[in-house]
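Q: The structure follows.
FYI, it's all coordinate maths here, none of it is from the lab. Note that this is a predicted model, so its numbers are computed, not measured. Neighbour counts run over all protein chains shown; Cβ positions are idealised from the backbone, glycine included.
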Amino acid sequence: MSEKFIPLSVPSIKGNAETYIKECLETNFVSSVGPFVTRFEEEFAQKVNTKHAIACASGTAAIHVALQLAGVSRGDDVFVSDFTFIATVNPIIYLNANPILIDASEETWNISHDLVREELKKRLKTNKRLPKAILIAHVLGIPAPAEPFAKLSKKYNIPIIEDAAESLGAYYLNGLYTNRQVGTTGLFGCYSFNGNKIITTGGGGMIVSSDKELANRARHLTTQAKLPGSEYNHDEIGYNYRLSNVAAALGVSQLELLDTFLKKKKEIAKRYDEAFAGLAGITLSPRPSYAETSQWLYTVLIDSSKTGINRQDVQTILAEKGIQSRPIWVPIHSQKPYRDTVCIRGEVSEKLLRQGLSLPCSVILTNAEQNYVIDEFIKAVTSY
Ligand SMILES: *Cc1c(COP(=O)(O)O)cnc(C)c1O
């Protein structure tokens with residue numbers, strides 16, 4: 001083992017983090033009642049240019065509440081990405097609804113619009129019930145196309161919920177949604193501030209919506225559905241899903257750094273892209289022409305029939321050099337709890353698992369460290 005260790009992706013806590021958190025401690029506002037929660041929500045809504053934001057305990061909680069408010073309940077079908085982190089899909093099960101897993105598109109790695117459209121058509125023709133919602137995960141910072149999905153949503157009257165956990169800062173470049181941030185074109189957008197995301201609150205999430213009524217309902221549900229007033233009156237079953245003031249204080253400080261982080265992520269991606277362009281058997285991640293990606297986790301595909309070495313062996317070789325890398329997700333349809341779940345195709349997500357490898361891309365990565373990763377990666381994929 002080398003002495004050197006370059007982690008895949010670690011947070012950078014600097015800026016006003018300490019000042020703001022100290023303020024929480026000094027004022028005794030540590031729980032979800034506190035000025036930083038509201039401030040984080042307001043500043044976040046402003047940043048992604050939407051009307052309402054509700055800070056949650058996690059991205060998973062955000063998705064859970066968004067699905068519920070979209071009307072998803074027991075027995076309903078929800079179309080959802082097969083190629084994503086499992087937290088996209090689990091909340092469907094929390095609501096006793098049925099995920100219908102849909103394969104990724106080769107072009108964007110996100111849920112395939114063609115497959116969604118075909119399945120909707122087929123269902124309409126055979127009188128099979130339509131899904132209650134379409135839950136789109138924008139994976140790895142790559143936006144799924146907003147306009148085509150919005151058209152389907154309108155045509156079939158099915159709400160879109162966006163899991164933008166990995167894609168804060170990505171936005172659309174043309175069409176109806178020009179300059180609109182990922183997560184703000186559906187009925188709800190959900191973000192995550194887990195430790196490995198673009199900004200972090202330690203753990204946390206956000207629901208955004210442009211609908212005031214829905215936003216109020218989301219706030220109500222995430223705070224135990226407690227009615228205003230000093231008495232303990234609750235009008236429905238809510239959740240303890242609010243973010244704490246301490247976490248929100250960290251969030252406010254991280255939001256101030258978001259632009260710097262995004263810029264650094266892009267620089268890292270650009271340097272890797274330039275170094276790897278033209279390498280036989282290496283495919284760079286999609287950069288759809290309609291959007292600016294947020295480059296959350298830098299990922300490439302390794303085609304072993306051309307490189308002579310598979311993704312797993314590259315990972316091992318890099319680990320020996322002190323470089324942490326990681327395969328992307330085992331598709332949901334292959335996860336133990338979802339083996340009996342309906343999946344429309346699944347070959348693309350399997351290929352992404354077989355070939356995909358994420359490389360170090362922390363915002364604190366230095367050029368020297370990145371050059372070292374680049375050299376070792378190129379050596380690994382060209383020496384067979
Ligand atoms: C991280 C993540 C989540 C869940 O967010 P948490 O804050 O960890 O609960 C959901 N979906 C995707 C795609 C994620 O990457």
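Q: What is the set of long-range amide H partners of residue 56 at a cut-off below 5 Å, with H atoms built 1.01 Å from backbone N?
A: HN-HN under 5 Å from residue 56: 205, 206, 207, 243.
Q: Quickly work out the residue 382-to-residue 216 label distance, labels modelled 7 Å from Cα along the C-beta direction, and quote it in nm with one decimal.
A: 6.3 nm
Q: What ranking of 52, 234 emerges when the number of other C-beta atoms within 10 Å of each C-beta is taken as an exposure proxy, fewest first?
A: Exposure proxy ranking, most exposed first: 234, 52.
Q: As a test, work out the antiparallel percent of DSSP beta bridges whose residues both lie in the chain, rounded to the nearest 5.
A: 55 percent
Q: Give me a comma-separated list of calculated 3J(HN,Hα) values for the range 53-58, in order, Karplus coefficients 6.51, -1.76, 1.60 applied at θ = phi - 60°, integers in Hz, x for any Gly or Pro.
A: Taking θ as phi minus 60°, the curve returns 9, 10, 6, 10, 5, 7 Hz for the range 53-58.
Q: While we're here: Starting from the Cα-Cα distance between residue 117 and residue 173, subtract it from 0.36 nm times their residue separation and give me the gain in nm to one decimal.
A: Separation in residues times 0.36 nm, less the Cα-Cα distance, equals 17.8 nm.
Q: What full-extension length gain, to one decimal in nm, is calculated for residue 259 and residue 27 as 0.36 nm per residue of separation minus the Cα-Cα distance?
A: 80.6 nm
Q: All other residues with a Cβ under 13 Å from the Cβ of residue 354 taken together, and with Lys, Arg as +1 and Asp, Glu as -1, what is their net charge?
A: Computed value for this residue: -2.
Q: Follow-up. So if the hydrodynamic radius of the chain is defined as the Kirkwood radius over C-alpha pairs, what does Stokes-Einstein give as its diffusion coefficient at 25 °C and 0.890 mPa s, in µm² per second?
A: 114 µm²/s
Q: Right, something else. If the chain between residue 46 and residue 196 were fully stretched, how many nm would it gain, using 0.36 nm times the residue separation less the Cα-Cα distance?
A: 51.7 nm
Q: Then there's this: Which distance in nm do the two modelled labels at residue 283 and residue 126 give, with both placed 7 Å along the Cα-to-Cβ direction?
A: My value for the distance between the label points is 2.9 nm.
Q: Something else now. What pairs from 321/379; 51/265; 132/154; 121/212; 125/336; 197/270 go past 22 Å between their alpha carbons?
A: 51/265; 121/212; 125/336
Q: Counting only helical runs of four or more DSSP H residues, what would the 222 nm mean residue ellipticity of the chain come to if each run contributes -39,500 (n - 2.57) and the total is spread over all its residues?
A: Dividing the helical sum by the residues of the chain leaves -12000 deg cm²/dmol.
Q: Now for a separate question. Between residue 354 and residue 230, how high is the FRET efficiency from 1/(1 + (r/R0)^6) when r is the Cβ-Cβ distance and R₀ = 56 Å? Nearest 0.05.
A: Once the sixth-power term is evaluated, E becomes 0.45.
Q: Got the relative contact order for the range 72-126 handy, in percent, Cα pairs under 8 Å and 6 or more residues apart?
A: Result for the range 72-126 is 34 percent.
Q: Can you pull out the chymotrypsin sites (Phe, Trp or Tyr not before Pro) in the range 144-247 that DSSP calls coil and that have at most 10 other Cβ atoms within 10 Å?
A: 232
Q: So, in Å, what gap is there between the alpha-carbon centers of the range 82-120 and the range 236-298?
A: After rounding, the separation between the Cα centres reads 21 Å.
Q: Another one. Run the numbers on the chain and let me know its relative contact order in percent, using alpha-carbon pairs under 8 Å that are six or more apart.
A: It rounds to 24 percent for the chain.
Q: Now a separate question. With the calculation restricted to Cα positions, what are the radius of gyration and Dmax of the range 334-384 in angstrom?
A: 17.0, 47
Q: Follow-up. Order by neighbour count: 197, 264, fewest other Cβ atoms within 10 Å first, most last.
A: With the sparsest Cβ surroundings first, the list reads 264, 197.
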